[in-house]
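Note sheet for the following structure.
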Amino acid sequence: MITRGEHQMMSKDGIKIHQKGVYDIKDLVKSIQNYLEERKYTVQISTQSKNRDVGYEVLVGLKSERDMDDYSRFHINVSILIIEMEKVKIKNKNLDKGDMNINFKANIFLDYKNRWNKNFISRFLNLIYNNYIIKDKIKGDYERKVYLDLVNLHNLVKEKLGLYLHVYGT
């Protein structure tokens, strides 16, 4: 049943990538931000860093949202946790080295302006609206659009990190 508020279309854990090696974290974050902004998401970036015995621990969060219409809002959030991070120089280029975990999550918020939460009758009508009147639109249009944005972002990050396997000939 579809209710007012957050509508999750995948597991609460989201999609994950694990990468241990050398990468350019600034370029990666900028690529994620550009991808989301090109698709009309507003993006907020937060960064935390702690000095540890073995390198740094860095947490980068990208929270984005996009209003699809007056009733639905998409959220795509990306969190990047890097442990044992250190700066390295390869071919005169400053890069980062460490153990990185990236988590992608997407949600759809219905009635994000909270117009249908005034009383019992409006909440009941909202339940009818979500579960019968626009159910196909939620399942078809909204979920498909945010899922494609999420999967394409995931693929972009895998490409930036060189995680694609190349299979030749069959």
Options [x] 32, 20, 16; [y] 37, 18, 13; [z] 29, 19, 14 for semi-axes √(5λ) of the Cα gyration tensor in Å; the value derived from the coordinates is listed as [y]
Taking 0.36 nm per residue of separation between Leu125 and Lys145 and subtracting their Cα-Cα distance, the length gained on full extension comes to 4.6 nm
Ranked output for segments 46-56, 65-75, 100-110, 121-131 by mean other Cβ atoms within 10 Å, highest leading, reads 100-110, 65-75, 121-131, 46-56
Rounded to 0.05, the calculated FRET efficiency for the beta carbons of Tyr56 and Leu163 at R₀ = 30 Å is 0.85
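Taken together, the values in this text are just the output of simple stated rules run on the coordinates, not laboratory data. What you see is a predicted model; the values in this text were computed from it and never measured. A quick note on method: Cβ atoms are made from the backbone with ideal geometry, for glycine too, and the neighbour counts reach across all protein chains shown.
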